[in-house]
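For reference, the structure is listed below as structure tokens.
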Amino acid sequence: MSKEYEPQTVAALTKMVNKSLPLWGMSDQAQAKLINLSENATFSASDPKTGQEIIIRVQRNDYSTKDAIRSELAWVKALYDSHTISTAKPVPLVNGEYVATTKTDAGEERMVVAFEKLNGKEPTLELAGLDHWFEVVGEISAKMHNQARSWKRPSWFTRRVWDYDGIIGEHAYWGDWHQGVGLSEDDKKVVGKTLDVVKPILDEYGINDENFGVIHSDCRATNLLVDGDQLHVIDFDDMGFGWYLFDFAAAISFMDQAVDAPKLAKAWVKGYEKVNKLSAYEKSLLPTFSILRRIELMTWCASHSEVPFAAKEGANVTRDTVRLCNEYLAGTYLK
């Protein structure tokens, strides 16, 4: 198990963040509290003296370089400034920079960034009209893709490449899928057979300027906020270069096992096509991208076993992933 977020580490990070609040011009009355542990540790900070509220993200060790984080923020700012989507604007430090390097009392360095705090709630399967919000996500995704195609990236721009190798291959960022929590030998055969089908399909689709570019890559429910009639997109920490259709797979993450999953998939496509048309061939690829993403998330649970969700649900995610792989092989997945 990783020691990234053991209790003593979380306590040290919480203390570090609270000591760092003046970096954003917050007063000595300001306080920060942990709100989420996932890839990174996220805190909400408020200052009763000034009324300022921000979200602070403490980066996981050895996950992103400073230039990669700067690149992420550059795209978020470009999307915000162009009114392409509604998202949380990065908050600069008092020195004008956006990425700070801070230390715990033990001397451990962490990079931290801040964003404006947005209102809203995560859309869930229980939310009335969820298919409507999936349609909105599809439309938003298409708008982001169009912006990414025309955006002139900074010369120092650098991000991960979410191709087959980076997602699930030998150099996958989130580890070896064979290590899935509770994955039996029979299960490995099912997943392996699935990937034997997936890989040639993606090889045939290929990578070119029209189908592959800068994507959010994690536009799932936990990174969306329903705020009245508006939908905010947050958490671009996993943004990088990938297939544009992979954003569909990310959107339906963990909802692909629901009875309404085919309905949600159709809603996403409907929204996307308000901006960009998809060919019948591209639509036929959506289950393939989705099952690839599903196997990736199973792998994430294994390599991030200290994260509360992964610790609690890792075995269930593996079980459901194997079931969905069988559906994919039978031609019934998302149909």
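The values are calculated or read from the model by the stated rules, or taken from the named source; none is laboratory data. These numbers come from a predicted model, not from an experiment. All Cβ positions, even for glycine, are placed from backbone atoms using ideal geometry, and neighbour counts span all protein chains on display.
Out of Arg159, Arg153, I need the residue that is buried (at least 18 other Cβ atoms within 10 Å of the Cβ), part of a loop (DSSP other than H, G, I, E, B) and in contact (Cβ under 8 Å) with a residue 60 or more places away in the chain. Which one?
Just a single option satisfies the conditions, and that option is Arg159.
The conditions are (1) at pLDDT 95 or above; (2) not in a strand (DSSP E or B), and Thr9 fails exactly one of them. Which is it?
(1)
Are there any pairs with C-beta distances below 6 angstrom linking a residue in the range 7-23 that is closer than 17 Å to Asn61 by Cβ to a residue that is assigned to a helix (DSSP H, G or I), with the two at least 6 apart or on different chains, and if so which?
none
Would you call Thr84 modelled with pLDDT of 95 or more, more than 19 Å from the chain's Cα centre (by Cα) and not assigned by TED's automatic domain parsing to the domain that holds Ser303? So that I can check it myself, show each step before the final result.
Details: modelled with pLDDT of 95 or more: yes; more than 19 Å from the chain's Cα centre (by Cα): no; not assigned by TED's automatic domain parsing to the domain that holds Ser303: yes.
No.
Might you let me know whether the range 265-274 holds any residue that is in contact with a Leu (Cβ under 6 Å, 6 or more places away or on another chain), at negative phi and modelled with pLDDT of 95 or more?
Checked against the condition, which is being in contact with a Leu (Cβ under 6 Å, 6 or more places away or on another chain), at negative phi and modelled with pLDDT of 95 or more, the range 265-274 yields at least one hit.
Taking the stated definitions as given, is Val136 part of a strand (DSSP E or B) and either in contact (Cβ under 8 Å) with a residue 40 or more places away in the chain or within 23 Å of Val76 (Cβ to Cβ) (or both)? Break it down stepwise before answering.
Working: part of a strand (DSSP E or B): no; either in contact (Cβ under 8 Å) with a residue 40 or more places away in the chain or within 23 Å of Val76 (Cβ to Cβ) (or both): yes.
It is false that Val136 is part of a strand (DSSP E or B) and either in contact (Cβ under 8 Å) with a residue 40 or more places away in the chain or within 23 Å of Val76 (Cβ to Cβ) (or both).
So that you can scan it fast, the table gives a plain yes or no per residue for (1) crowded, with 18+ Cβ neighbours inside 10 Å; (2) among the acidic types (Asp, Glu); (3) out of contact with any Cys (no Cβ under 8 Å at 6 or more places or on another chain); (4) within 30 Å of Ala172 (Cβ to Cβ):
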| site | (1), (2), (3), (4) |
| --- | --- |
| Asp28 | no, yes, yes, no |
| Gln52 | yes, no, yes, no |
| Ile55 | yes, no, yes, yes |
| Asp62 | no, yes, yes, yes |
| Lys66 | no, no, yes, yes |
| Arg70 | yes, no, yes, yes |
| Val76 | yes, no, yes, yes |
| Gly96 | no, no, yes, no |
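Regarding the range 23-38, can at least one residue be identified that is closer than 30 Å to Trp151 by Cα and in contact with an Asp or Glu (Cβ under 8 Å, 6 or more places away or on another chain)?
The answer is no; no qualifying residue exists.
If you go through the range 170-190 one residue at a time, do you hit one that is closer than 19 Å to Leu286 by Cα, surrounded by 14 or more Cβ atoms within 10 Å (Cβ to Cβ) and either modelled with pLDDT of 95 or more or aromatic (Phe, Trp, Tyr) (or both)?
No, the conditions are met nowhere in the range 170-190.
Are any of the residues in the range 227-236 among the aromatic types (Phe, Trp, Tyr) and over 15 Å from Ile85 (Cα atoms)?
Going residue by residue through the range 227-236, those that are among the aromatic types (Phe, Trp, Tyr) are 236.
From what's left, over 15 Å from Ile85 (Cα atoms): none.
Checked against the condition, which is being among the aromatic types (Phe, Trp, Tyr) and over 15 Å from Ile85 (Cα atoms), the range 227-236 yields no hits at all.
When you look at Ala250, is it buried (at least 23 other Cβ atoms within 10 Å of the Cβ), under 24 Å from Ser64 (Cβ atoms) and assigned by TED's automatic domain parsing to the domain that holds Val136, yes or no?
Yes.
Can you find even one residue in the range 95-107 that is in the same structural domain as Asn276 (by TED's automatic domain parsing), among the small types (Gly, Ala, Ser) and at pLDDT 95 or above?
no
Given the range 20-72, what strands (runs of 3 or more DSSP E) lie entirely inside it while holding 3 or more residues that are closer than 29 Å to Arg220 by Cα and in contact with a Ser or Thr (Cβ under 8 Å, 6 or more places away or on another chain)?
31-37, 53-58
Does the range 33-48 contain any residue that is at pLDDT below 95, among the acidic types (Asp, Glu), under 15 Å from the mean Cα position of the chain (by Cα) and closer than 30 Å to Trp133 by Cβ?
yes
Yes or no, residue by residue, for (1) in contact with a His (Cβ under 6 Å, 6 or more places away or on another chain); (2) among the basic types (Lys, Arg); (3) without any contact (Cβ under 8 Å) to a residue 24 or more places away in the chain; (4) closer than 23 Å to Trp243 by Cα:
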{"site": "Asp256", "(1), (2), (3), (4)": "no, no, no, yes"}
{"site": "Lys263", "(1), (2), (3), (4)": "no, yes, no, yes"}
{"site": "Gly271", "(1), (2), (3), (4)": "no, no, no, yes"}
{"site": "Asn276", "(1), (2), (3), (4)": "no, no, no, yes"}
{"site": "Glu296", "(1), (2), (3), (4)": "no, no, no, yes"}
{"site": "Val307", "(1), (2), (3), (4)": "no, no, no, no"}
{"site": "Val322", "(1), (2), (3), (4)": "no, no, no, no"}
